[in-house]
There are 2 protein chains.
Amino acid sequence: MPSQTTSTNGAAANGSAKRGRPGYDQQSVLRIAVDVFNRHGYDATSMGILADNLGISKSAIYHHVPSKGDLLKLALDHALGGLESILEQPEATAGAADARLEFVLRRTVAVLVERLPFVTLLLRLRGNTEIERDALERRRTFDHKVAALISAARDEGSLRQDIDPRTVTRLLFGMINSIVEWYKPGGSLSPGKLADDVITMAFDGLHGQATPTA
Amino acid sequence: MPSQTTSTNGAAANGSAKRGRPGYDQQSVLRIAVDVFNRHGYDATSMGILADNLGISKSAIYHHVPSKGDLLKLALDHALGGLESILEQPEATAGAADARLEFVLRRTVAVLVERLPFVTLLLRLRGNTEIERDALERRRTFDHKVAALISAARDEGSLRQDIDPRTVTRLLFGMINSIVEWYKPGGSLSPGKLADDVITMAFDGLHGQATPTA
């Protein structure tokens, strides 16, 4: 799974797919911009601060994107696109709701890890601009579809009935979304093991296999 | 449990324990200040903005507290004091680690709900000032003590062994801390039921009692 790591350093361009200004392509500019947004907050980041961090002039940035808002839109689209595409896959649309839910949660963890800074930006949005509000609306739609899957699994009889599905959804997303705040890519916890751990905690809890029963 | 709600509205003082300027005591000023900090961010909140929200002059605020930093310190101390006192109670210090952990998690949820705006402020800190860094250090100490309890319960054999205790701690706190972002006091989900739900999810997971076994 962690094979396509060539573009995750956020450093200078690696020579391929360059466009416009030498040294950077749009993806590199975007990745660095997202890091700056996450550090300073989107509102507090000016094109001047971005230019300083990129080591290029403001007009060179405008060569890649028309405005700060366009960078935000591209970044949020990358985060949301990743999440939304999970729900379109066959494993999410056919079969028992319980298995579909497990697939969706597992893939959600994977997207969070693969697109960590982009999803971090999404999760910290305050909704001050139209672009932010549109993104929050798409995020809510994703959350509602997962909530519907939880309800379906519950109605199917495969999930416990004694917790309101809305509370389940909130607590599960609380657990999963926290990953962007503490997960360190490249550390001892691989993305695959992290996804396993989240699934285990979500479905079986801490007591789950404490005392083997067979 | 939700009986002492007289002081949770953050509105004008209720007539008792007043001190200084008529209409407000220090607790009322503090509560409103915390709401403003949570809305605008601590850094972006000036004493002028606070005065506007309180409907009093800046010099009237200085009658209650010497500075904005003192308000922050009082607020964080209220959040941290609530959390720290959990670990000093007999149910947290004696008995099986598993039962102690359940007690601590249940009480943590209760403190989050009882002191919601104060804990929200604590969880959103960025650590830009000495006061914030001190608070983050106290929060880390609390987290480490809970992590030690999780390790103890694991060593005792009462928790599953297949997840790193550090990952368990992160995911549990992710789930619990998310409460400040979505819980609406006074709604259909009581603080007691919320704590039950968190304990059930944490220890038994979603599959827990899906099919009753007796």
The protein assembly as shown - charge dipole about Cα centre, Lys and Arg +1 at Cβ, Asp and Glu -1, debye rounded to 20: 1200 debye
Values of log10 I(q)/I(0), in the order q = 0.13 Å⁻¹, for chain A under a Debye, Cα-only, solvent-free model: -0.81
Cβ crowding within 10 Å averaged over residues, with A:70-78, A:190-198 ranked highest first: A:70-78, A:190-198
At 7 Å out from Cα toward Cβ: B:Arg140 inter-copy label distances (nm, ascending): 3.8
Diffusion constant of the stretch A:108-214 at 20 °C, which comes from Stokes-Einstein with the Kirkwood Cα-pair radius and 1.002 mPa s, µm²/s: 137 µm²/s
Binned Cα-Cα distances of the protein assembly as shown, short to long, each 20 Å bin given as a whole percent: 22, 53, 24, 1
Label-point gap, in nm, between B:Arg133 and A:Glu156 - each point 7 angstrom along Cα→Cβ: 5.1 nm
Between the stretch B:126-188 and the stretch A:107-165, the alpha-carbon center distance in angstrom: 22 Å
Calculated label separations, A:Gln161, copies of the chain, 7 Å along the beta-carbon direction, nm: 3.6
Spatially close lysines, pair count over chain A: Cα under 26 Å, gap of eight or more or interchain: 9
Selected from A:Gln161, A:Ile176, A:Ala44, residue furthest toward positive end of dipole (chain A; charges at beta carbon): A:Ala44
Largest to smallest principal axis extent of the C-alpha atoms in the stretch B:145-207, angstrom: 39, 21, 18
Förster radius 35 Å - calculated FRET efficiency between B:Asn53 and B:Arg166, Cβ distance, rounded to 0.05: 0.30
Nitroxide proxy distance, nm - points 7 Å out along Cα→Cβ at B:Ser85 and A:Ser85: 5.2 nm
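Each value in this text was obtained by applying a stated rule to the coordinates, not by laboratory testing. Here the structure is a predicted model, which means the values were calculated and not measured. Neighbour counts are summed over all protein chains in view; Cβ atoms, including those assigned to glycine, are modelled from backbone coordinates with ideal geometry.
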